[in-house]
Amino acid sequence: MAAIIPDGATLARQMYDQKANMKWVSILVAPADDKFGELGAPAMGVTVPSQWEIQVSYKPQFGPTTAEFAKAFQAKFNAKPDYHSASGYTSGVVLQHAIEQAGSIDPDKVTDALNATDITTFFGHIKFMTDPGHHGLQAAHEMVLAQWQKVDGKPGRQVVWPVAAQSAKIDLSDLGQPVIRRGPAVLCRRPRHAKRTTCSESSLRSSTACWSGSSMGCPPWGSP
């Protein structure tokens, strides 16, 4: 489900008030806003996919850590960085890395260095496609999945996937253990009293968690 903060907050509040008892809720955009936490209990457990979160724990091979970047950004702009600012800064980090690897600012040499780039930054894994049909497209970056959980007694986002960026374990509540499969991104969910799980597939390719347990089964890959 995709929604800006007013719509997403209303949706989460109504599901909570109506005791929808959804096994899994993931909403685009709205839960990535700190204001979503003002909902309190209705926000808890809601997940949101994101390009980057300030809680990520990547161990960069080049450039600043997440904490160093966030501290410098806060000092400069008196605001917390989001994925827009993080991705923009990372573009500069990648270019700097390529120039240092090339030992030159010659465009051809820098291009060759960019083509060979395969590093982890505080924004995640960076690698580019080099075939003629997709040259320059990002090939390694993974979306992160954040979940609203209790952080120091208050609602806060934690990165629960991928493991390389994880700041907290996913809150499964009464769910079973995740079975991680590589392939098209799929959202599988089932209301508490429904007879079967329904899955919807996107055009993205990502690591996907399909939840299995005593009350919810994983369907065959690609089936409803």
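Once amide H atoms are placed 1.01 Å from N in the peptide plane, what residues at a sequence separation of 5 or more from residue 121, or on another chain, have their amide H within under 5 Å of its amide H?
61, 126
Can you spot the aspartates and glutamates whose alpha carbon is less than 13 Å from residue 59's alpha carbon? Ignore those fewer than 8 places along the same chain.
Within reach: 68.
What list of ³J(HN,Hα) values in whole Hz, one per residue of region 122-135 in order, does the Karplus curve 6.51 cos²θ - 1.76 cosθ + 1.60 (θ = phi - 60°) give from phi, with Gly and Pro shown as x?
5, 8, x, 6, 10, 7, 10, 5, 10, 6, x, x, 9, 3
Throughout, read-outs are computed from the coordinates displayed, never taken from laboratory work. Owing to the predicted nature of the structure, the values given are computational and were not obtained by experimental measurement.
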